[in-house]
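Coordinate-derived values only; no laboratory data. Owing to the predicted nature of the structure, the values given are computational and were not obtained by experimental measurement. Note: ideal-geometry Cβ built from the backbone for every residue, glycine included; neighbour counts use all protein chains shown.
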Amino acid sequence: MNRDAPSLPDAVQRMLRAVLADESKHPVLPSPSPETLRRQLDLSLPSTGRSFGEVIDELIAVARVTPRTTTTRFFNQLFAGREDAAVAGEILAAVLNNSMYTYKAAGVQILIEKEVLAHMASILGLPGGEGSFQAGGSLTNLAALLVARGVAFPRWREHGAESAQAVLYSSAESHYSIAKAVGILGIGRSHLRFIEVDEAGRMRVDLLGQRIQEDLAAGRRPFFINATAGTTVRGAFDPIDELAELARQYGLWLHVDGAFGASVALSRSRRHLLKGIDRADSVCWDPHKMMGVPLPCSALLLRRKGLLQEHLGEGAEYLFQEDDDELNPGQRNLHCGRHNDALKLWALWRHLGDEGWERRIERQYALAAHAKRYIEDHPRLVLSDEPACINVCFEVEGADSAWICRRLSQLGRQKIGHGRVKGRRVIRLVTANAALEEADLDRLFEDILEVAEEAPPPPSPAG
Ligand SMILES: Cc1ncc(COP(=O)(O)O)c(C=O)c1O
């Protein structure tokens, strides 16, 4: 051991100070090409190692050119900002390095995880069920579909594909993780019916009902409806209560992909958007999106207890050696070794309390309302849609949205993305960072309008 090596706390403190200072000086960076970055930094793995202090310098250098996601110029995704209490929890999880499969290996961390899951479930009105954390919403949706498939087709897990007729439903604007999960699970992507949405981007329940009847008449076996709470581009909420009714009528599993929007359950004034979620069989809820917890943090919550173990549990003497399986989440999870995603969320929840979460969600909505007003008041900006969540989609009249986003990123002014609404390519602004000020949004619009002066016209709606 090198006696002159800095201690971990000293090194981490130096690194954090340097990174945070640089970030506040340069809240957004131009996007260099991969070739430029490779020329600038030595990324190779050496045969002879460097000192810990030198590695800290290298980490600082890497951070200096890494895209910023925590500053007030990042609007590119459904996550943004930084919550210090959660980061502290995340750092502690890395230092402790418990694997979250057994009580033997993780002790009190398992109790913390159970506490967090139980609280989330009770907020959704699913108090008697169970839950687990997966490494992101895509895997949470996959785990939900796996359990639902097992319930509908009990021989599938043991004996392989049980029905070539299994069919399922999701809105045309739902996230691609649903189609991906269907492919992974061997259900067949062509068996996933994409149901059209209404003007507001919500799944059409009438069309879904018709489609189920057609499938039944053709001898197929419908088993699963995915309702999205907070669609990825528009932030639309499918009518969960009506979908729950249809699911009950036909005996189908109702999953709510609330990866993005389930967080509105934390606000008394927004909770109505999730009406009927207490009737869902399973819910995906990602605190790493609206709640600002570092990635990944995604919870699967199920109405009924026991299904996770039934469909994901395995015997393994080398792992499950002590304690009731109730205390061994490895029996209820896709993962074997697993990162501790609960501690950072627990730390932030302890800091904010339920009341602080409510204020945070309200603030995000107030910021989205400010953005909407700016757009409506400006003669060159066109609002695409009435926002139901904190996504505000719009166009600059006569200018290509994708070109504007790309240019802003190249120039190192702002990071913001685009999507499609009603066939048109639009800029998607998400006010996920609760630390934004109204002035940050005004500056974003000024930058967008300035760059738009040189933008080519938008492609035709079909293009
Ligand atoms: C509605 C919805 N579901 C699922 C996901 C997937 O979540 P993750 O990126 O955590 O895998 C996303 C991601 O944006 C999403 O918007």
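Binning all Cα-Cα separations of the stretch 170-241 at 5 Å, short to long from zero, yields these whole-percent fractions: 3, 17, 27, 24, 19, 9, 2, 0.
Entry for the stretch 100-215 at q = 0.12, 0.17, 0.23 Å⁻¹: log10 I(q)/I(0) = -0.60, -1.03, -1.27, Debye formula applied to identical alpha-carbon scatterers, no solvent contribution.
Our note on the geometry: Cα centres of the stretch 168-218 and the stretch 246-269, 15 Å apart. Here's the picture: charge each Lys and Arg Cβ at +1 and each Asp and Glu Cβ at -1 in the stretch 312-463, and of LEU441, GLN364, ASN333 the one pushed furthest to the positive end of that dipole is LEU441. Label separation (ALA366 vs ALA172): 3.8 nm, computed from points 7 Å beyond Cα along the C-beta direction. Each principal axis of the Cα cloud of the chain was evaluated for its coordinate range; sorted largest first, these ranges are 64, 63, 44 Å. For the chain, lysine pairs with C-alpha atoms less than 24 angstrom apart, excluding pairs fewer than eight positions apart on the same chain, total 16. Projecting the alpha carbon convex hull of the stretch 314-433 along each direction and taking the average yields 12.4 nm². Using alpha carbons only, the radius of gyration of the stretch 8-66 set against its Kirkwood radius gives Rg/Rh = 1.01.
By other beta-carbon atoms within 10 Å, ranking ILE427, ILE112, ILE195 with the fewest at the front produces ILE112, ILE195, ILE427.
Sorting ARG279, ARG149 from the fewest to the most surrounding beta carbons within 10 angstrom yields ARG279, ARG149. Straightening the chain between LEU45 and ARG420 buys 130.9 nm, computed as 0.36 nm per residue apart minus the Cα-Cα spacing. Computed from label points 7 Å out along Cα-Cβ, the spacing between GLU397 and ALA5 is 6.4 nm.
Stretching ARG155 away from GLU322 to a fully extended chain increases their span by 57.2 nm, per 0.36 nm per residue minus the current alpha-carbon distance. From helices alone, the chain scores -13000 deg cm²/dmol at 222 nm; the rule is -39500 (n - 2.57) for each run of n ≥ 4 DSSP H residues, then divide by the residue total. Computed about its Cα centre, the charge dipole of the chain is approximately 540 debye, with only Lys, Arg, Asp and Glu carrying charge at their Cβ.
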